[in-house]
Amino acid sequence: EFRRVLFRSTQAAQAAAKKPVWSKVELPLATESPILFDIEFDPENPKNGWIVGNRGTFLQTADAGKSWTPKSFANLDPDEEINYRFTKMSFMDGEGWIIGKPAILLHTRDSGASWERVPLSPKLPGDPYNVVALGPGKAEMSTSAGAIYTTDNSGRNWKAQVRETIDATLNRVSSSGVQGASYFSGSINDIQRDADGSYLAVSSRGNFYLTYKPGDEFWIPHNRESSRRITSMGFVKDRLADGLWMSTAGGEISKTTSGQPVDTQLIDIPFDRCQIKSGGYGILDVLFLKDSNKAWAVGGGGTIFGSTDGGRSWQKDKSADDLPTNLYKIKSFSNGRVYILGSNGVLLSNTA
């Protein structure tokens with residue numbers, strides 16, 4: 001009898017160990033196989049959330065993600081809306097902002113019940129690339145040319161925070177020792193803002209990256225960590241003070257030395273290589289969970305890796321191996337829920 005009980009206990013433990021961490025969320029998509037670019041919940045009302053993507057994809061939930069409903073913007077013609085790629089959004093205290101391509105900026109004051117289109121200057125350097133809600137009428141927007149603007153009157157006026165675009169900075173410091181700066185094409189393919197207002201940008205060729213901190217007048221360029229092209233970069237635990245991570249071509253991941261502050265004045269910021277066997281798939285986003293040593297990395301071909309030691313080593317997660325998708329973004333929220341977004345309309349949620 002003891003052996004039977006032990007056998008059943010062992011079976012239960014093995015079943016629990018094999019339980020998938022990620023499950024696919026069924027979405028009522030209005031168009032076939034869109035790419036999902038961003039997901040957000042209002043911090044003041046976490047039941048209220050949104051998803052945006054290409055082909056005019058815009059979904060809303062009122063029950064913390066249990067169900068989703070397609071939405072549209074009243075001030076956009078339906079035939080026009082499907083041509084937009086809504087790429088980033090941000091909410092605070094019921095006020096939200098959405099940006100997309102062709103260049104568009106949308107604003108809501110009533111938790112997404114209604115939206116207004118905010119005019120953008122035709123002289124805006126680059127396209128809107130990132131937006132962060134900062135309070136009533138306040139937001140910060142950055143562009144693909146490295147311009148950063150703030151508004152305190154709901155977008156009627158904007159104030160520049162950086163004295164020059166990235167292109168102008170590189171022309172001015174072309175002999176600074178940054179490899180590949182002379183090949184800069186005038187735009188970036190990734191720009192992120194940390195919780196303290198510092199920025200991180202990767203050149204469109206992936207051959208160098210740049211940082212900016214509040215109070216600086218210019219972006220500071222840096223050499224990449226290896227000879228391989230940068231695929232993506234981000235802040236460890238949402239703050240420059242906690243370090244940076246970098247993924248490079250071939251599926252490699254590196255991060256700045258834990259516990260050591262990042263000196264953005266250095267051209268060559270030191271990184272430590274992480275142990276990961278990615279099989280060559282590119283890593284497109286990495287999330288380090290706050291107050292935990294857990295981390296997740298996602299990428300092409302449904303690639304998911306997990307870490308329990310702060311990113312030093314990574315283990316393959318097979319939850320999305322059979323899904324025809326590239327996974328672009330992973331985000332966590334205060335209720336403990338984590339979402340992964342990808343192509344072909346794939347949204348994954350953690351179940352454990």
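What the Kirkwood sum gives for segment 99-236 is a hydrodynamic radius of 15.8 Å, with every pair of different alpha carbons counted.
Ratio of Rg to Rh for segment 163-205: 0.99 [Cα atoms; Kirkwood radius as inverse mean 1/r over pairs].
Distant-in-sequence amide contacts of Asp190, defined by a placed amide H-H separation under 5 Å and a gap of 5 or more residues or a different chain, comprise Val202. Here the 3J(HN,Hα) profile of segment 73-87, calculated from phi with Karplus coefficients 6.51, -1.76 and 1.60 at θ = phi - 60°, is 9, 4, 8, 10, 5, x, 5, 7, 4, 5, 7, 8, 9, 7, 10 Hz, Gly and Pro shown as x.
In order along segment 141-156, phi translates into HN-Hα couplings of 10, 10, 10, 5, 9, x, 6, 10, 10, 10, 9, 10, 9, 6, x, 5 Hz, rounded to whole numbers, per the Karplus curve 6.51 cos²θ - 1.76 cosθ + 1.60 with θ = phi - 60° and x for Gly and Pro. Starting from the Kirkwood radius over alpha-carbon pairs of the chain, derive D by Stokes-Einstein at 37 °C in a medium of 0.692 mPa s and give it in µm² s⁻¹. The diffusion coefficient I find is 154 µm²/s. Computed over the alpha-carbon pairs of segment 68-137, the distance histogram in 5 Å steps reads 3, 16, 25, 28, 18, 7, 1, 0 percent, short to long.
What a 1.4 Å probe finds exposed on the chain is 48% carbon and sulfur by accessible area, rounded to a whole percent. Got a sec? Charge dipole of the chain, +1 on Cβ for Lys and Arg, -1 for Asp and Glu; which of Phe86, Trp68, Ser144 is way out at the positive end? Comparing the listed Cα positions along the dipole, Trp68 ranks first. In segment 246-349, the alpha-carbon atoms span a convex hull of 114 Å³ per residue. Just list whichever of Lys66/Lys123; Lys213/Lys294; Lys66/Lys316; Lys66/Lys290; Lys71/Lys331; Lys66/Lys294 have alpha carbons separated by over 31 Å in the model shown. Table pairs above 31 Å Cα-Cα are Lys66/Lys123. Across every pair of non-identical alpha carbons in segment 195-303, the mean reciprocal distance, once inverted, gives a Kirkwood radius of 14.2 Å. The alpha-carbon atoms of segment 122-163 define a convex hull whose volume equals 63 cubic angstrom per residue.
The values are calculated or read from the model by the stated rules, or taken from the named source; none is laboratory data. Note that the coordinates shown come from a computational prediction; the quantities given were computed from them, not determined experimentally. For neighbour counting, all protein chains shown are included, and Cβ atoms are generated from backbone atoms with ideal geometry for every residue, glycine included. Only protein heavy atoms, including side chains, enter the accessible area calculation; ligands, DNA and RNA are left aside. Shrake-Rupley method; radii C 1.70, N 1.55, O 1.52, S 1.80 Å.
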